[in-house]
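Structure record follows, encoded as structure tokens.
The values are calculated or read from the model by the stated rules, or taken from the named source; none is laboratory data. This one's a predicted model, so the numbers in the text were calculated from it and none came from an experiment. Virtual Cβ from ideal backbone geometry, glycine too; neighbours counted across all protein chains shown.
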Amino acid sequence: MDYTLTADQQATVQAVESLLARHAGRERARKLRDGHDDELLAQLTDAGFLDLATDPEAGPLEAALVTEVAARRLAAVNVGARGLVAPLVLGRTPPAKVALASTAHPGPVRFARDAHLVLVLDGPDVRVLEPPPGPARPVPTGYVAPYAVPDLTGGQRLPGAGPVMARWWRVALAAELAGLLRAGLDLTVEYLKQREQFGRPLGSLQALQHRLAEAYVWVEGIRWAARAAAWQGDAESAAAAAAYATMAVRAVAPDLHQLSGAISLTEEYDLHLWTMRAQAVRTELGGIGEHARAVTRLRWDA
Amino acid sequence: MEFGWTESERAYRAALRDFIDHEVPGWRDTPVHRRVVTAEDKDRVKDFTAKLAARGWLTPSWPPEYGGEGQSAWQSVILSEEMWSVGEPRGSQYMNVNWIGPAIMMAGTEEQKQRFLPPISRGEVFWCQGFSEPEAGSDLASLRTRAVRDGDQYVVNGQKIWTSHTPSAEWIFLLTRTDPDAPKNHGITILLIPLDTPGIEIRRIPDIVGEGAFAEVFLTDVRVPAANRLGEENRGWSVVRQALQYERVGAARWERASLVLDQLADRARACGLLSDPDVARRLGEARAVVEAARWMAYSVVDERAKQISGTATAYPARVAMVRAERLVADLALDVFGAEALIGESFLDDIYRSSLTAGVAGGTYEIQLNLIAGQVLGLPRS
């Protein structure tokens, strides 16, 4: 065990951080709303940050670290799908815009609009829609991410690839939630430090401090569970990380809004950029119940 | 960054398991937590710890000059996991190893080290911890048990409470107040006292956790040689703080919670409940939370392995562990119903032993305070 980033990992994280500081962030996310960031995608691709999962010098953990940072910085790019899931399912470099769908969980699909590739989890198999058979129908949403209903018919079938896709999808969504909730918590802590009522900062009230501390525990847990699952690469750790991360969204996201009060329900205030995305990610692959039942199935062969 | 065990760590765990299976036969069938070593099973524990000592597995984390091997923090946590998962067959001796011995190494005189450390490393002695008082719980530094110097002795008067392990204990690691006028952290002195010293009376507190979980210790004019003082007078607090650094995630509760979940799943399967979607979901959620608590505990071990001290990593790890134990306990009652009420059964043990999780070793709320202040940097309330 070693919880410290290697020098290479540190360098990767720093490099992607500095790229995102220039090309992503709150302003950009607010401007894009539920749009896709083509420019950022090009930057990330050119710099090689989306090709780490199958890089012999790096691997899934590095791809998960990039996913975590990208989420924290509100990248409007499907970093987890493009950088982690698709390369590991396909064993090759996927096209630029990737979306992930599941026949067992129909509905709008994140990043499906204009996707060059849709990977469809279809029971034990994966179907590769490259390109998708028809245009995806955009869906209006307040969850600050692009959603559309794609045509999921046809495609090339990869028999038996389903579990591989489910596993890395779970790792990717856990890593994404680690970044999203961490940033939402950081914002809330800073806000409660300076927001004064009754003549003192709200953050000095123990009732509120405890809830922030509880939130911190959830968020810290996702970080390690996601990273460990990315490193271990087994289905059970992935399902456990996803179950924990989605439970954390359920516990933490409403509390961050509650603690911040009415301002946090406005578009003007940035909290929703992270929390609404987190709620969106929470719904993927069937959400808490499906992840948790997967843990049971995998652990106890149920 | 990596999240796996080395070859030698895996081999160490396997060897420990073999040893335990041989020495504690049958535990896998009924892994009921042995909460407290009674006077009756003290010999059994001593027999076990002596054998551990003979294998070099009682105090392997100690430095070589005190008979240890300077074992890595990761091997130590493996040892703790394997012991805790079988109900801690070392009894209270785990405390000797984890912090009482190290406190003596840190603050003891040469004579004290020669006197106290060898019996600990041979597995012969049982200690208990005299910390909490009726008026000093979470606010431990406000303790009042008074020690007054009288020639080459101290005379101790006061009361301790919630003292675990008294039925087997021979010695008490006692915190006393020697300077009532100093700021509360600065007037505390550690005394090492045989429990059969005249003036010490122990009363068991009937409790709902398990028989004999804790006791009150009354001290009336107890005379203690000054040679039994550990460290300088009035400087005990810093010794305790440092020694307990290593105990903050000392008990590997996650390992036991994980094992208990495995057992609950087996039972659920046996009564056809494992395929019930609600039961399956709850088991999965509980396991996810237990494993997250494990990864957080390991983040503390990682710092220990790198000799990074003074961080706040242990506080969230402890909170996560309490949550995990509570989820597991809820499962026992919700899934198995009234069967879980049968005294002394495996199921009964789960809920009742979980009750201590958020209290023992510093409450859940104190951990939240520490996170709020030290990690999140929130202003004092």
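Tally the residues that are part of a helix (DSSP H, G or I) and either out of contact with any helix residue (DSSP H, G or I) (no Cβ under 6 Å at 6 or more places or on another chain) or among the acidic types (Asp, Glu) (or both), restricting the search to region B:335-363. Reasoning before the result, please.
Of the residues in region B:335-363, the ones part of a helix (DSSP H, G or I) are B:335-341, B:346-354.
So of that shortlist, the ones also either out of contact with any helix residue (DSSP H, G or I) (no Cβ under 6 Å at 6 or more places or on another chain) or among the acidic types (Asp, Glu) (or both) come out as B:337-339, B:341, B:346, B:348-349, B:352-353.
Residues flagged as part of a helix (DSSP H, G or I) and either out of contact with any helix residue (DSSP H, G or I) (no Cβ under 6 Å at 6 or more places or on another chain) or among the acidic types (Asp, Glu) (or both) within region B:335-363 amount to 9.
One line per residue, one yes/no per condition, for (1) at pLDDT 95 or above; (2) in a strand (DSSP E or B); (3) more than 14 Å from chain B (Cβ to nearest Cβ); (4) more than 22 Å from the chain's Cα centre (by Cα):
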{"residue": "A:148", "(1), (2), (3), (4)": "yes, yes, yes, no"}
{"residue": "A:154", "(1), (2), (3), (4)": "yes, no, yes, yes"}
{"residue": "A:160", "(1), (2), (3), (4)": "yes, no, yes, yes"}
{"residue": "A:172", "(1), (2), (3), (4)": "yes, no, yes, no"}
{"residue": "A:178", "(1), (2), (3), (4)": "yes, no, no, no"}
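Filter region B:304-318 down to the residues that are more than 8 Å from chain A (Cβ to nearest Cβ), of a type in the set (D, E, K, R) and surrounded by fewer than 24 Cβ atoms within 10 Å (Cβ to Cβ) and list them by number.
Passing the criteria: only B:304.
Looking only at helices (runs of 4 or more DSSP H) that lie completely in region A:185-286, which have at least 2 residues being without any contact (Cβ under 8 Å) to a residue 60 or more places away in the chain and more than 30 Å from residue B:1 (Cα to Cα)?
Numbers: elements: A:206-232, A:235-260, A:271-282.
The helices (runs of 4 or more DSSP H) meeting that bar are A:206-232, A:235-260.
Picking from B:347, B:341, which residue would you name as being more than 14 Å from chain A (Cβ to nearest Cβ), aliphatic (A, V, I, L, M), under 28 Å from residue B:265 (Cα atoms) and surrounded by 15 or more Cβ atoms within 10 Å (Cβ to Cβ)? Talk me through it step by step, then tell me what you get.
Numbers: B:341 fails: surrounded by 15 or more Cβ atoms within 10 Å (Cβ to Cβ).
Just a single option satisfies the conditions, and that option is B:347.
Within region A:120-146, take every residue that is of a type outside the set (A, V, I, L, M) and not in a loop (DSSP other than H, G, I, E, B) and give me the one that is nearest to residue A:103 (Cα to Cα). Show your work before the answer.
Initial filter on region A:120-146 (of a type outside the set (A, V, I, L, M)): A:122-125, A:127, A:130-135, A:137-138, A:140-143, A:146.
From the residues that got through so far, the ones that are not in a loop (DSSP other than H, G, I, E, B) too are A:122, A:125, A:127, A:137-138.
Numbers: A:122: 5, A:125: 11, A:127: 10, A:137: 17, A:138: 18 Å.
So the residue we want is A:122.
Looking at region A:283-302, which of its residues are within 14 Å of another protein chain (Cβ to nearest Cβ), of a type in the set (D, E, K, R) and farther than 19 Å from residue B:264 by Cβ? Break it down stepwise before answering.
If we filter region A:283-302 for residues that are within 14 Å of another protein chain (Cβ to nearest Cβ), which is where we start, we get A:285-302.
So of that shortlist, the ones also of a type in the set (D, E, K, R) come out as A:290, A:293, A:297, A:299, A:301.
Listed by number, the list holds a single entry, A:290.
In the list B:70, B:87, which residue meets the criterion of being in contact with a Lys or Arg (Cβ under 8 Å, 6 or more places away or on another chain), farther than 25 Å from residue B:194 by Cβ and of a type outside the set (D, E, K, R)? First the steps, then the outcome.
Values: B:70 fails: in contact with a Lys or Arg (Cβ under 8 Å, 6 or more places away or on another chain).
Just one listed residue meets the conditions, B:87.
Given the conditions (1) within 14 Å of chain A (Cβ to nearest Cβ); (2) in contact (Cβ under 8 Å) with a residue 24 or more places away in the chain; (3) surrounded by fewer than 23 Cβ atoms within 10 Å (Cβ to Cβ); (4) not charged (D, E, K, R), and given that residue B:226 satisfies all but one, which numbered condition is not satisfied?
Of (1) within 14 Å of chain A (Cβ to nearest Cβ); (2) in contact (Cβ under 8 Å) with a residue 24 or more places away in the chain; (3) surrounded by fewer than 23 Cβ atoms within 10 Å (Cβ to Cβ); (4) not charged (D, E, K, R), only one is false for residue B:226: (1).
Condition check: in contact (Cβ under 8 Å) with a residue 12 or more places away in the chain and either crowded, with 21+ Cβ neighbours inside 10 Å or among the charged types (D, E, K, R) (or both). Does residue B:292 satisfy that? Steps first, answer last, please.
On the way: in contact (Cβ under 8 Å) with a residue 12 or more places away in the chain: yes; either crowded, with 21+ Cβ neighbours inside 10 Å or among the charged types (D, E, K, R) (or both): yes.
Here the answer is yes, as residue B:292 does meet what is asked.
Quick one: how many residues across region A:257-275 are crowded, with 19+ Cβ neighbours inside 10 Å, away from every other protein chain (no Cβ under 13 Å) and aliphatic (A, V, I, L, M)?
2
Evaluate region A:59-81: report whether one residue or more is over 29 Å from residue A:188 (Cβ atoms) and in a loop (DSSP other than H, G, I, E, B).
Yes: region A:59-81 contains one or more residues that are over 29 Å from residue A:188 (Cβ atoms) and in a loop (DSSP other than H, G, I, E, B).
Tell me the residue from B:71, B:112, B:93 that is touching a residue at least 12 places away in the same chain (Cβ under 8 Å) and closer than 21 Å to residue B:250 by Cβ, please. Break it down stepwise before answering.
On the way: B:71 fails: touching a residue at least 12 places away in the same chain (Cβ under 8 Å); B:112 fails: closer than 21 Å to residue B:250 by Cβ.
Residue meeting the stated conditions: B:93.
Restricting to region B:313-358, name every residue that is among the β-branched types (Val, Ile, Thr) and closer than 23 Å to residue B:375 by Cβ. Step through it out loud before you land on a result.
If we filter region B:313-358 for residues that are among the β-branched types (Val, Ile, Thr), which is where we start, we get B:313, B:319, B:322, B:328, B:335, B:342, B:350, B:356.
Once the filter is applied, which keeps residues that are among the β-branched types (Val, Ile, Thr) and closer than 23 Å to residue B:375 by Cβ, region B:313-358 yields B:313, B:319, B:322.
State whether one or more residues within region B:34-51 are surrounded by fewer than 18 Cβ atoms within 10 Å (Cβ to Cβ), touching an Asp or Glu at 6+ places or on another chain (Cβ under 9 Å), over 17 Å from residue B:251 (Cα atoms) and charged (D, E, K, R).
Scanning region B:34-51, I find at least one residue that is surrounded by fewer than 18 Cβ atoms within 10 Å (Cβ to Cβ), touching an Asp or Glu at 6+ places or on another chain (Cβ under 9 Å), over 17 Å from residue B:251 (Cα atoms) and charged (D, E, K, R), so the answer is yes.
For the structure I just gave you, tell me whether residue B:278 is modelled with pLDDT of 95 or more, surrounded by fewer than 18 Cβ atoms within 10 Å (Cβ to Cβ), assigned to a helix (DSSP H, G or I) and more than 19 Å from the chain's Cα centre (by Cα).
Values: modelled with pLDDT of 95 or more: yes; surrounded by fewer than 18 Cβ atoms within 10 Å (Cβ to Cβ): yes; assigned to a helix (DSSP H, G or I): yes; more than 19 Å from the chain's Cα centre (by Cα): yes.
Here the answer is yes, as residue B:278 does meet what is asked.
Considering region B:264-289 alone, what residues qualify as being more than 8 Å from every other protein chain (Cβ to nearest Cβ) and in contact with a Lys or Arg (Cβ under 9 Å, 6 or more places away or on another chain)?
Within region B:264-289, just B:273 meets the criteria.
For the structure I just gave you, tell me whether residue A:283 is surrounded by fewer than 21 Cβ atoms within 10 Å (Cβ to Cβ) and either at pLDDT 95 or above or in contact with a helix residue (DSSP H, G or I) (Cβ under 7 Å, 6 or more places away or on another chain) (or both).
In short, yes.
Which of the residues belonging to region B:229-263 are within 13 Å of chain A (Cβ to nearest Cβ), touching a residue at least 12 places away in the same chain (Cβ under 8 Å) and more than 20 Å from the chain's Cα centre (by Cα)?
Selection gives B:261, B:263.
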